[in-house]
2 protein chains.
Amino acid sequence: MQYRIPADDNRERAVCTVCSTIHYENPINVVGTVPIWGEQVLLCKRNIEPRWGKWTLPAGFLELGETTAEGALRETHEEAGADIEMGPLYTLLNVVRVGQIHLFYRARLRSTTFNPGPESLEARLFAEHEIPWEELAFRTTRETLHSFFEDRRAGRDFALRCIDIP
Amino acid sequence: MQYRIPADDNRERAVCTVCSTIHYENPINVVGTVPIWGEQVLLCKRNIEPRWGKWTLPAGFLELGETTAEGALRETHEEAGADIEMGPLYTLLNVVRVGQIHLFYRARLRSTTFNPGPESLEARLFAEHEIPWEELAFRTTRETLHSFFEDRRAGRDFALRCIDIP
C-alpha cells in the first residue's frame, strides 16, 4: 500500500502498489440502545478490550445487511441478552478522532431477565444515582446517559441530540 | 482474500491468505444538504456515474477527520459551489441493499450564486412544482424532497425522519 492522490480525486488514498486498487478508508458506524426499565437503565460490563471491566450501553459495529435500528437491536441481544422494544433514535455522536459515528436508540425492556454474551461480564440495571460515572467505558455512553437523565428530569420529549466529541 | 469466520467472531470476514489480516467491510455514510432559498430547493445535475445527467441533492461520502455536518457542508461546496448556513439533521436513510446510510441536513442558502464543481453539470433552484421527479438520481433524494415538501405544506417543524429503503 502507498498513499497517493488518485487521478480523479482530491485527497490521499491507500493504493495497492501491485494491482492499483484504491482502498477507501471511511468513518464507521457504532449502533446501540438506551434500554429502560421504569427509572432504571441497563448497562453492560465489558469483557473485551478496549476498556475491559468498564460499563457501557449495549452497542457495537453496524454490519452490512442491516439497518441502524436492526444493528442496535442485535447488539443489545448479543451483549446483554435483553428483550427490548425499539424506540426512536436519540443521539448521534461524531467521534471524529477515531473515525466513528455512534447512534443510540431509546428502547423499552420487556423483562429484567438478562443473558450477557461472551463480550460482557455482567448486565444490570442502574437508577440515575447508581450510575458508575467514573467507570464508564466511553464518552459516547456518558454523553447519552447525561442527555437522557437531563431530558427526563426536565420532562422533555427526548428529541434527537447531535453531539460532536473532539 | 478468503471469506471465513475468525476465531472470536460469528460471521464471515475477508481474511488475507498471506498475512491473516481481517478486512472488515461495513456500511458507509453519505452526507448532504437540502439547500433552501425561499420556496426553492437547490439540486445538482450529475456529471459522474452512476446516474450521469440525473438530478440530486448535493451529497457525497463522509471522509475521515470530519463530522457528518462538516462533510455535508463540504459536499455542498464541492458539488454546487453554494454558500450555505447549516441547519439541523433532517433525514437518516438506511439503504441496506448497497450498504449505505444517507444523512441530509437542512440548510439556508446565503446567495443564489452557484459555482458547480467537476462532478456537476449544473446547479439550479427548483420550486416544488418544477422538481424533475422522474429525473432524480437517487431514491434518498426523492424521499428527502418528498418529506420536505410534505412537512412544509403541513406547516410542521421538520423533525428528524428515519427512512428504510429496501
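For this structure, a couple of remarks:
- Here region A:47-69 is the region considered, the condition is being out of contact with any helix residue (DSSP H, G or I) (no Cβ under 7 Å at 6 or more places or on another chain) and buried (at least 20 other Cβ atoms within 10 Å of the Cβ), and the residue that is farthest from the other protein chains (Cβ to nearest Cβ) is A:69.
- Top-ranked residue of region A:71-85 - restricted to ones that are within 11 Å of another protein chain (Cβ to nearest Cβ) and farther than 23 Å from residue A:159 by Cβ, ranked as least open to solvent (accessible area, probe 1.4 Å): A:74
- Residues (among the hydrophobic types (A, V, I, L, M, F, W, C), open to solvent by less than 10 Å² (accessible area, probe 1.4 Å) and touching a residue at least 60 places away in the same chain (Cβ under 8 Å)) located in region B:1-46: B:31, B:34, B:41, B:42, B:43, B:44
- Some residue of region B:68-78 being β-branched (Val, Ile, Thr), free of Cβ contacts under 8 Å to residues at least 40 places away in the same chain and in contact with a strand residue (DSSP E or B) (Cβ under 9 Å, 6 or more places away or on another chain): yes
Listed here are the residues, each with its yes/no results for (1) more than 16 Å from residue A:141 (Cα to Cα); (2) at pLDDT 95 or above; (3) in contact with a His (Cβ under 8 Å, 6 or more places away or on another chain).
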{"residue": "A:8", "(1), (2), (3)": "yes, no, no"}
{"residue": "A:16", "(1), (2), (3)": "yes, no, yes"}
{"residue": "A:20", "(1), (2), (3)": "yes, no, no"}
{"residue": "A:40", "(1), (2), (3)": "no, yes, no"}
{"residue": "A:86", "(1), (2), (3)": "yes, yes, no"}
{"residue": "A:89", "(1), (2), (3)": "no, yes, no"}
{"residue": "A:92", "(1), (2), (3)": "no, yes, yes"}
{"residue": "A:99", "(1), (2), (3)": "yes, yes, no"}
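- Flag for residue B:88 being of a type outside the set (Val, Ile, Thr) and within 12 Å of chain A (Cβ to nearest Cβ): yes
- Taking region B:145-163 as the range and being under 17 Å from residue A:90 (Cα atoms) and touching a strand residue (DSSP E or B) at 6+ places or on another chain (Cβ under 8 Å) as the test, the residues that pass are B:158, B:160, B:161, B:162, B:163.
- Scanning region A:16-43 for residues that are away from chain B (no Cβ under 11 Å), part of a strand (DSSP E or B) and out of contact with any Gly (no Cβ under 9 Å at 6 or more places or on another chain) yields A:22, A:35, A:37, A:40, A:41, A:42, A:43.
- Condition check for residue A:139: open to solvent by 40 Å² or more (accessible area, probe 1.4 Å), in contact with a helix residue (DSSP H, G or I) (Cβ under 9 Å, 6 or more places away or on another chain) and of a type outside the set (Phe, Trp, Tyr): no
- Top-ranked residue of region B:142-166 - restricted to ones that are in contact with a helix residue (DSSP H, G or I) (Cβ under 6 Å, 6 or more places away or on another chain) and of a type in the set (A, V, I, L, M), ranked as farthest from residue A:103 (Cα to Cα): B:165
- Residue match in region B:102-123 (condition: free of Cβ contacts under 8 Å to residues at least 40 places away in the same chain, out of contact with any Phe, Trp or Tyr (no Cβ under 6 Å at 6 or more places or on another chain), open to solvent by 20 Å² or more (accessible area, probe 1.4 Å) and of a type in the set (A, V, I, L, M, F, W, C)): no
- Residue match in region A:146-160 (condition: within 14 Å of the chain's Cα centre (by Cα) and hydrophobic (A, V, I, L, M, F, W, C)): no
The values are calculated or read from the model by the stated rules, or taken from the named source; none is laboratory data. Keep in mind that this is a model prediction, so the values were computed, not measured. A quick note on method: Cβ atoms are made from the backbone with ideal geometry, for glycine too, and the neighbour counts reach across all protein chains shown. For accessibility, only protein heavy atoms count, side chains too; no ligands or nucleic acids. Shrake-Rupley method; radii C 1.70, N 1.55, O 1.52, S 1.80 Å.
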